[in-house]
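Beneath this line is the structure, given in C-alpha cells, with notes to follow.
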Amino acid sequence: MKATHRAGHRAGFTLIEILAVLLILSILIGILVTSLFNAGEAANGKLTEARLAQLETAMGRFENETGDYPPSTFDALAGATGSANNRGIEAAIRALYEASPDGYGMGDDVLDNMDGDTLAGMPLLELVDLWGNPVAYLRRQDYGTPQPYVTFDGATGVQVENLVDARKHPKTGRWANHTSFQLISAGADGIFNTEDDLGNFMMD
C-alpha cells in the first residue's frame, strides 16, 4: 500500500516566522525594561523627597533652638580644605552636627563626602539624593547668589559643574520659601536647573 501525504503539511517554522516571534519578544522585553526603569526612577524620586523632608525637619529644630537656619555661605567654612564646591550643604550639615550630636536625627546613610573636603581634620559631609549627588542648600539670606555644586551626569557618568541659585515661585515671581530656605536635588539626570529637579517647594 502506498503511503499517503496530507496536502499542505509542513514541518517546523519558517525563518520569517521565527524572526517575527523574536521581534515581538524584543518589543515586549523593551516595554518591560522601560516600565521597570521608570518605576525605579519614580521610587528614587519619592525617597529623595523623603530625605529632603528629613533635612527640613532637622533645619526646623535647629532654627527653634538657635533663632535662624544653618548658614549656606562659603565663608562659613573658612579654613576648610578642598574645593569651594557643595559648600552650602556642607555648611548646613556641619552646623547641624555642631548643635546636636545626632544632627537632629539625620542618619549616616543619607550623608557622604562627595568632594573629599575637610575642616579641622573632619570630613565636610553633604546630604546626597538617591542618585548619589549632593543636595543644594540655600538659606534665604543667600538667595540670588549662585553657588557651585559638582554632580555626576546621569547619562554619561561624567562629573559636571553646576551653578545653583534659589528658585522663584512660578505664579508670584517671589523667591520660593522666601522666609526660610531651599533644598534642591538635581534629579535623575544629575544636572541642576532641568525639569526633573526636586525641591522642598513648588518647582513648576
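Annotations
- Listing of strands (runs of 3 or more DSSP E) fully contained in the stretch 102-204 that carry 2 or more residues being in contact (Cβ under 8 Å) with a residue 60 or more places away in the chain and under 14 Å from Leu52 (Cβ atoms): 136-139, 181-185
- Taking (1) under 22 Å from Ala92 (Cα atoms); (2) touching an Asp or Glu at 6+ places or on another chain (Cβ under 7 Å) in turn, Ala188 satisfies each apart from (1).
- Close pairs from the stretch 26-41: first within 21 Å of Gly154 (Cα to Cα), partner at pLDDT 80 or above and surrounded by 10 or more Cβ atoms within 10 Å (Cβ to Cβ), Cβ under 6 Å, at least 6 apart: Glu41/Ala188
The values are calculated or read from the model by the stated rules, or taken from the named source; none is laboratory data. Quantities reported herein were computed from a predicted structural model and do not represent experimental measurements. Quick reminder, even Gly has a Cβ in these numbers, built from the backbone with ideal geometry, and neighbours come from all protein chains shown.
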